Amino acid sequence: MELKDSAAAPVGTLRVQVFRDGRLIDEFEDKNLIVNGARDAHARLIGGDGGGKIITKIGFGTGSTVASPNDTGLSGAYEKNIGARTYPATGQVRFAWTLATSEANGKAIREFGLICSDGTLYSRKVRGVIEKESDISLSGTWTISF
């Protein structure tokens with residue numbers, strides 16, 4: 001009998017809604033890159049040395065280079081704490097987040113990242129620019145599936 005491992009590499013799905021003066025003006029959902037820092041975070045968590053490897057923040061950066069497994073940070077990042085964590089299905093964790101009209105104004109947001117409490121970049125997504133001004137707010141979820 002042949003045993004087959006059903007575990008897959010983690011996959012991230014970022015969902016973003018963009019609002020101007022409280023009205024939805026854009027939304028997107030797309031897969032994102034889980035970077036090499038996530039592999040170390042997983043290994044340390046299951047090995048019992050996971051201090052600092054819990055995802056606690058989302059970052060909004062200005063970098064436009066294509067995401068790479070070797071990425072370790074975001075360019076010019078504005079970071080803030082994640083909102084709620086939920087577990088919508090077996091092997092999934094979903095992080096809810098918001099970016100208020102009073103936050104990160106003047107930034108040309110091109111990249112998003114999930115960040116561990118010790119600063120380790122877990123995942124990164126690059127997309128077209130969102131010119132963040134005081135009438136713009138964002139909200140979304142980031143789901144990691146195993």
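What follows is calculated from the coordinates using simple rules that are stated; it is not laboratory data. Owing to the predicted nature of the structure, the values given are computational and were not obtained by experimental measurement. All Cβ positions, even for glycine, are placed from backbone atoms using ideal geometry, and neighbour counts span all protein chains on display.
Phi angles across the stretch 43-49 convert, under the Karplus curve 6.51 cos²θ - 1.76 cosθ + 1.60 with θ = phi - 60°, into 3J(HN,Hα) values of 4, 5, 4, 6, x, x, 10 Hz, Gly and Pro given as x. Thr13 sits among other residues whose Cβ lies under 14 Å from its own Cβ, and their net charge, with Lys and Arg +1 and Asp and Glu -1, is +3.
Couplings 3J(HN,Hα) for the stretch 76-90, derived from phi with the Karplus relation 6.51 cos²θ - 1.76 cosθ + 1.60 (θ = phi - 60°), are x, 6, 9, 10, 8, 5, 5, x, 9, 10, 9, 10, x, 7, 4 Hz, where x marks Gly and Pro.
Summarising the amide proton neighbourhood of Ala67: residues at separation of 5 or more, or on other chains, whose placed amide H is nearer than 5 Å comprise Val126.
For the stretch 1-127, lysine pairs separated by 8 or more sequence positions, or belonging to different chains, with Cα-Cα distances below 20 Å total 10. Considering every alpha-carbon pair of the chain, the percent of pairs per 10 Å bin, from zero through the bin containing the longest distance, is 12, 41, 33, 11, 3, 1, 0. Which value at 222 nm does the chain reach when only helices count, each DSSP H run of 4 or more adding -39,500 (n - 2.57), with the total divided by all residues and rounded to the nearest 500 deg cm²/dmol? The per-residue figure over the chain is -2500 deg cm²/dmol.
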